[in-house]
Amino acid sequence: MFGTFGTVFAPILVSSMERDRKLPLIPLTFAPRATAALDPDDLFDDPTYSTDGPLSDQWGRRVKSLRISVTDRCNFRCVYCMPEEGLDWLPKDKILSYEELARLTRILVGMGVENVRLTGGEPLVRRDLPVLVRMLSGIPGLRSLSLTTNGYFLKELAGDLAAAGLTRINVSLDTLQRDKFHEITRRDCLERVLEGLAECERYPSLRPIKVNAVAVRGFTEEEIPAFAALARRKPYLVRFIEYMPIDGDAAWTRDRVLTGGEILGEMRKLYPLEAIPVDDPAQTSRDFRFADGAGTVGFINPVSEPFCEACDRIRLTADGQIRTCLFSVTETDVRGPMRAGADDAEVAEVLRRAVWRKELKHHINDPGFVRASRSMSQIGG
Ligand code: SF4
């Protein structure tokens, strides 16, 4: 999907698109009443904006995937994600209720969203998460409902989540060594996470089971044989994700990015691998199967091979803000309009206008890159 041509020429292409569009890149802000906040002149200078049809952005990309952060809290303190201490939690009254989350999801599914993933913080620290899963899985038109978790509570909750209608699961796991796990998560519980993963295997409806490892130079290289062995031994799709500048400690530096290409090269020294053709252009992972059929690994390369041109994602933060890019520096408030009594059509229009202004791409590789306005734990992965 992102061959040499796309990698080399996409940045040139997108910057000329950005120049030519001359769209007003001002953030939307809302007064308490959604209807009062929608300026009738806003967007009317753009003849391509439409108030109906499938949810799309100004660049012609359909938005089909929603990531919902159900909490900003986490029981781990991963070094690339959260500061060790000093992060204020969102006040409870600012967090969207399950009813509000279900309502927003239903509205968005009605506009063309097909895939929902629940994230955090750590989503399983929110009380009764299977209740939310059941509410969302019953929404007609929703094709997949997945969860990204650190795995700590899966041992207890995998069965309830599967019964409630969860269809996929992603477990974040950056190392298979106990001491390194402790170092990176600031928690000593690798065994428990592995037991949680094993528990997922008992529920065939929870497929695929994905293991996501953030790859950091100087940390991940020695893990490659163990992760390859895990992918071969277990029914897990093991994926490496390039380290991005969205860490809570702002410790990211470019030289610490261990690229997917480098890891693939190392893995190929161990086992022959065959590329699996990509059938969904919005798929972020480039997957490979071991040539002997023993398992699958994947590479998510947002830094070395950006895939923004096919991005179909938006994010909803736990406190009800729509973020149209992982690296957004502005947000759109939907909690305010909802709590002020906006009806579904009004909420839908707020969402549509936010999505229309979705960022074309991240600027990690451009001079003057500006970090996102929140860290990963507050946005959701
Ligand atoms: S950086 Fe933004 S536009 Fe690019 S893939 Fe991620 S969310 Fe989509």
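Here, each number is a calculation from the coordinates, and none is a lab measurement. Keep in mind that this is a model prediction, so the values were computed, not measured. Every residue, glycine among them, receives a Cβ derived from its backbone with ideal geometry; neighbour counts consider all protein chains shown.
Put simply, when 198-204, 364-370, 219-225 are sorted by average Cβ atoms within 10 angstrom per residue, most first, you get 219-225, 198-204, 364-370. Our helix-only sum for the chain, with -39,500 (n - 2.57) per DSSP H run of n ≥ 4 divided by its residues, gives a mean residue ellipticity at 222 nm of -9000 deg cm²/dmol. For the chain, the longest principal axis of the alpha carbon atoms and the long axis of helix 260-270 meet at an angle near 20°.
The lysines whose alpha-carbon is closer than 19 Å to the alpha-carbon of K234, local same-chain residues fewer than 8 away aside, are K155, K210.
Compared with the dominant principal axis of the Cα atoms in the chain, helix 154-164 is inclined by about 50°.
Taking label positions 7 Å along the Cα-Cβ direction at both V278 and H363, the computed distance is 2.4 nm, reported to one decimal.
Close amide-amide hydrogen proximity is noted between R217 and V257, L258, each under 5 Å apart and 5 or more residues distant or on a separate chain (H modeled in the peptide plane; Pro and chain starts excluded).
Working from Cα pairs under 8 Å separated by at least six residues, relative contact order for the chain is 23 percent.
For a straight C-alpha distance cut-off of 19 angstrom, the aspartates and glutamates reachable from K180 (same-chain residues fewer than eight places away being disregarded) are E84, D188, E191, E195, E221, E222, E223, E242, D247, D249. Normalised by residue count, the stretch 23-379 yields a Cα convex hull volume of 134 Å³ per residue.
3J(HN,Hα) along the stretch 331-337: 9, 10, 7, 10, 5, x, x Hz, from the Karplus curve 6.51 cos²θ - 1.76 cosθ + 1.60 with θ = phi - 60°, whole Hz, x for Gly and Pro. Highest mobility in the GNM of the chain, judged by mean-square fluctuation with C-alpha springs under 10 Å and restricted to S172, S328, S205, is found for S205.
Would you mind getting the Kirkwood hydrodynamic radius of the stretch 82-208 from its Cα pairs, rounded to one decimal in Å? Please report the intermediate quantities before stating the final value.
On the way: mean 1/r = 0.0635 Å⁻¹.
Value: 15.7 Å, from the Cα pair sum.
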